[in-house]
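Participant: Shown below is the structure under consideration.
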Amino acid sequence: MKITDVLKQDKLLLSFEVFPPKTETAFDSVKTATEEMAKLKPSFMSVTYGAGGGTSRYTLEIAKNIKDRYGVPTLAHLTCVSSSKETVHARIRELIDAGIENVMALRGDLTPELENSDRTAWDYRHAVDLVRELKESGADLCIGGACYPEIHPESVNRHEDIRYLKEKTDAGCDFLTTQMFFDNNLLYNFLYQIREAGITVPVIPGIMPITNANQVARAVKLSGSFVPVRFKSLVDRFGASPAAMKQAGVAYATDQIIDLYANGIKNVHVYSMNKPDVAEAILRNVSDIIG
Ligand code: FAD
């Protein structure tokens with residue numbers, strides 16, 4: 001099922017994200033965790049892609065398993081910046097052959113090595129290049145793209161970031177998923193600005209339940225997300241106790257989700273990070289709201 005069709009349902013829709021293992025030895029435990037999450041029947045599950053190889057070969061295997069065994073629509077991520085056209089074309093072929101209908105078209109992060117390499121030799125510079133190629137391939141795929149309520153860290157300013165986002169959706173992105181954020185007002189402002197700029201595709205806000213104190217620093221470093229005082233005090237108060245921090249982190253994420261739904265946003269993507277217990281706790285917290 002295509003994500004655009006999933007989003008047509010008129011109820012709170014929660015989707016989950018998983019990431020493939022980095023090593024073969026971890027494959028079985030990650031696969032089990034993804035299956036536990038699939039059994040919770042999220043609206044869809046996305047499977048990330050390790051840029052530049054690494055975990056990339058497992059993305060397809062996990063996405064296909066979730067879809068075929070549990071009937072949960074899957075979204076396979078694909079990055080392009082560190083890949084050749086040949087590799088990307090082979091990956092697209094594999095996805096289509098596996099019956100995957102949804103692809104998240106991403107640039108991927110720039111490693112220091114890439115930063116210092118000759119950009120004229122790159123086959124892909126931006127995610128929009130991959131979106132165009134997916135469209136030109138003629139494959140009947142639903143294409144997602146990433147967006148950043150607090151602007152992408154490399155962007156010079158918001159205006160430029162939104163201009164390139166518009167280029168990406170005009171090229172054929174069917175929906176957008178946001179980077180994590182911890183203050184819903186950032187999302188509401190962003191939505192206002194992109195709608196003003198003529199971007200009309202569905203936007204799926206991404207919510208990250210922070211369940212241990214170390215995760216905060218990591219998540220903020222990666223995403224550049226603003227951490228509100230309310231959230232900081234929660235980490236200061238409960239960070240030393242793993243069980244309490246997990247409960248508080250799930251409660252904070254639930255609060256964000258309920259606020260989004262109350263404000264008319266019915267689809268939320270949970271960065272559930274291969275943690276079925278966290279996904280389940282959030283679902284439990286909103287069970288009467290989902291109905
Ligand atoms: P782009 O859309 O190419 O944007 C990157 C930067 O380039 C922005 O500053 C943008 O404004 C600018 N830009 C865009 N187009 C142009 C243009 N034509 N000319 C000049 N500048 C331009 N990474 C992974 O490795 N694997 C994953 O599975 C993964 N999943 C993700 C899922 C989500 C929802 C998000 C938000 C991020 C994910 N990432 C993943 C991280 C992502 O790869 C990085 O954030 C990366 O730095 C940017 O990717 P992008 O697709 O947004 O790039």
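Participant: For a quick check: with amide H placed at 1.01 Å from N, whose amide H comes under 5 Å from residue 82's, ignoring anything fewer than 5 positions away on the same chain?
Facilitator: Those lying under 5 Å, H to H, from residue 82 are 52.
Participant: Let me know the whole percent of all Cα-Cα pairs from region 242-291 that are separated by more than 12 Å. Intermediate results must be reported in sequence, preceding the final value.
Facilitator: On the way: 797 of 1225 pairs.
Considering region 242-291, 65 percent of its Cα-Cα pairs are separated by more than 12 Å.
Participant: I'd like the projected area of the chain, averaged over all directions, using the convex hull of its alpha carbons. Report it in nm² with one decimal.
Facilitator: About 15.0 nm², averaged over all directions.
Participant: Whole-Hz ³J(HN,Hα) for each residue in region 183-198, computed from phi via Karplus 6.51 cos²θ - 1.76 cosθ + 1.60 with θ = phi - 60°, x for glycine and proline: what do you get?
Facilitator: 9, 4, 4, 4, 5, 4, 5, 4, 4, 4, 5, 6, 5, 4, 7, x
Participant: How would region 44-144 be classified by its alpha-carbon gyration tensor: rounded, prolate or oblate, with rounded meaning a/c under 1.5 and the a/b versus b/c comparison settling the rest?
Facilitator: prolate
Participant: Also: Of the candidates 138, 198, 172, which one comes out as most mobile in a Gaussian network treatment of the chain with C-alpha springs shorter than 10 Å?
Facilitator: 138
Participant: With +1 on each Lys and Arg Cβ and -1 on each Asp and Glu Cβ, and nothing else charged, work out how big the dipole of region 135-215 is about its Cα centre, in Debye to the nearest 20.
Facilitator: Here region 135-215 has a charge dipole of around 120 debye.
Participant: Under 5 Å between amide hydrogens, which residues at least 5 positions from residue 179 or on another chain qualify, with H placed 1.01 Å from N in the peptide plane?
Facilitator: Amide H neighbours of residue 179: 147, 148.
Participant: Could you list the residues of region 170-198 with an amide nitrogen less than 19 Å from a label point located 7 Å from the Cα of residue 236 in the Cα-to-C-beta direction?
Facilitator: Those under the cut-off are 182-183.
Participant: Now for a separate question. Rounded to the nearest 0.05, what FRET efficiency do residue 217 and residue 140 have when you use their Cβ-Cβ distance and R0 = 45 Å?
Facilitator: The pair residue 217/residue 140 has a calculated efficiency of 0.60.
Participant: Continuing with the same structure: Assuming R0 = 35 Å, what is the FRET efficiency of residue 28 and residue 89, from their Cβ-Cβ distance, to the nearest 0.05?
Facilitator: 0.70
Participant: Between residue 247 and residue 163, what length comes free when the chain is fully extended (0.36 nm per residue of separation minus the Cα-Cα distance, one decimal in nm)?
Facilitator: That works out to 26.3 nm of additional length.
Participant: For residue 227 and residue 120, calculate 0.36 nm times their separation in residues minus their Cα-Cα distance, and state this gained length in nm to one decimal.
Facilitator: Taking residue 227 through residue 120 to full extension adds about 34.8 nm, to one decimal.
Participant: Let me ask something else. From the phi of every residue in region 78-85, what ³J(HN,Hα) in whole Hz does the Karplus formula 6.51 cos²θ - 1.76 cosθ + 1.60 yield, where θ is phi - 60° and glycine or proline is x?
Facilitator: So the Karplus estimates, Gly and Pro as x, are 8, 9, 10, 5, 9, 10, 8, 4 Hz.
Participant: To continue, here is another question. Compute the distance from the alpha-carbon center of region 158-227 to that of region 1-41, in whole Å.
Facilitator: Taking the Cα centre of each part, region 158-227 and region 1-41 sit 20 Å apart.
Participant: At 0.36 nm per residue, minus the direct Cα-Cα distance, what do residue 10 and residue 195 gain on full extension? Give it in nm, one decimal, please.
Facilitator: Additional length available on full extension: 64.5 nm.
Participant: Using a 7 Å offset from Cα along Cα-Cβ at residue 57, what residues in region 82-103 end up with backbone N under 14 Å from the label point?
Facilitator: Taking a point 7 Å out along Cα→Cβ of residue 57, the residues of region 82-103 whose backbone N falls under 14 Å are 91.
Participant: Now a separate question. Remind me, relative contact order of the chain in percent, using alpha carbon pairs under 8 angstrom and six or more residues apart?
Facilitator: Details: 487 pairs, mean separation 58.0, N = 291.
20 percent.
Read-outs: derived from the displayed coordinates by stated rules, not from any lab. This is a predicted model, so every value here is computed, not measured. Methodologically, a virtual Cβ is constructed for each residue, glycine included, from the backbone with ideal geometry; neighbour enumeration extends over all protein chains shown.
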